[in-house]
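The values are calculated or read from the model by the stated rules, or taken from the named source; none is laboratory data. Please read all numbers here as calculations on a predicted model, not as lab measurements. Here the Cβ is made from the backbone with ideal geometry for all residues, glycine too, and neighbour counts use every protein chain on show. Note: accessible area is taken over every heavy atom of the protein model, side chains too, but ligands, DNA and RNA are not part of it. Shrake-Rupley method; radii C 1.70, N 1.55, O 1.52, S 1.80 Å.
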There are 2 protein chains.
Amino acid sequence: MRVLGIDPGLTRCGMGVVEGEVGRPLTLKDVGVIRTTSTLAVPDRLVTIEKGIDAWIDEHRPDAVAVERIFARSDVSTIMGTAQASGLAMVCAARRGIPVALHTPSEVKAAVSGNGRADKAQVGAMVTRILRLDAMPKPADAADALALAITHIWRGGAQARIEAAQAAALAAAGRNR
Amino acid sequence: MRVLGIDPGLTRCGMGVVEGEVGRPLTLKDVGVIRTTSTLAVPDRLVTIEKGIDAWIDEHRPDAVAVERIFARSDVSTIMGTAQASGLAMVCAARRGIPVALHTPSEVKAAVSGNGRADKAQVGAMVTRILRLDAMPKPADAADALALAITHIWRGGAQARIEAAQAAALAAAGRNR
């Protein structure tokens, strides 16, 4: 399967495409960052991000899109832009019918490094090894996007199956109410 | 001028269209709510909201879109969905070249009621009077969307002009760096 990982952000949106299956070597297909400048108004920055994500999806036609699950944390100054970029990532995939999965930062860290509290350098080093790259992908947002895609492949879509089952159960409960 | 006010939310996105100018009676053109059910996955809910906003813009062809400015507040459970819906509102307008303005809740309350700490009932009552309606628009999200549109008309696009000037100054500074 081919997975597009997206590490959402208003200034830098990390994008990484990985292909492969559980138990077999994974392959890097593409990696990069969609950047927007803070001199633009936020609506225009969001349009740039949306166009960028659309272009990545159209070029790579992923089987699934894996997006970092955002929490309302202490970093209040950037949370709004991050949330808005993550919403666009979900919409760009969902309107094409591509399954979207959300993975938390600690799930991603645990999946690629075995340690849910690994730092950026450890995650980057593991991504480099797993994909057999000559150098660590930069910036960190790009490496994080690849880590998301790897996590999604290795979790074997378990999360997506659980969420589909939950949604079906909730929908059934709603109909019977 | 015709303004579409949007009170963003994942469960209920308030939509209100008001036409008029400063110093003249304002007219309600349309009001309503885009709803999505929590039994759907978030990506699908966001797609529903995007389609709904697109349809409102295409039908009413507003000169400007006024969106509530969201802050990362204490209400952590709903902030992510609200942020994502507000991002979609901005994108839907910006990709058609329609100016987007953000107004804070206290700016809206102050504009329609003269009191930046007015409660929902007071805002709703003032919206009803300003637009000469027979009854208060419901739910509160719909009244809030109308209040946003009224605020935008009454502020006379001052905010949009300030932001355009700031963006131009920042862009010039960026070029000279």
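Given the criteria closer than 30 Å to B:Met1 by Cβ and at the interface with chain A (Cβ under 10 Å from one of its Cβ atoms), does B:Ala85 qualify? Please lay out each step first, then the result.
Details: closer than 30 Å to B:Met1 by Cβ: yes; at the interface with chain A (Cβ under 10 Å from one of its Cβ atoms): yes.
Taking the combined requirement at face value, the residue satisfies it.
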(Q) Exactly one of these conditions fails for A:Pro99: (1) open to solvent by 20 Å² or more (accessible area, probe 1.4 Å); (2) under 11 Å from A:Val65 (Cβ atoms); (3) free of Cβ contacts under 8 Å to residues at least 60 places away in the same chain. Give me its number. (A) (3)
Q: Just one of (1) more than 8 Å from chain A (Cβ to nearest Cβ); (2) under 30 Å from A:Thr48 (Cα atoms); (3) free of Cβ contacts under 8 Å to residues at least 60 places away in the same chain; (4) among the β-branched types (Val, Ile, Thr) trips up B:Val112, so point out which.
A: (2)
Q.
Any residue that is acidic (Asp, Glu) and modelled with pLDDT of 95 or more - is there at least one of those in the stretch A:16-38?
A. yes
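Strands (runs of 3 or more DSSP E) wholly in the stretch B:1-46 with at least 2 residues that are open to solvent by 50 Å² or more (accessible area, probe 1.4 Å) and either of a type in the set (A, V, I, L, M) or at negative phi (or both) - which ones? Quick ask: steps written out before the conclusion?
Details: elements: B:2-7, B:12-19, B:27-35.
Counting at least 2 such residues, we get B:12-19, B:27-35.
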Q.
Tally up the residues in the stretch A:76-98 that are more than 19 Å from A:Gly14 (Cβ to Cβ) and in contact with a Pro (Cβ under 6 Å, 6 or more places away or on another chain), please.
A. 1
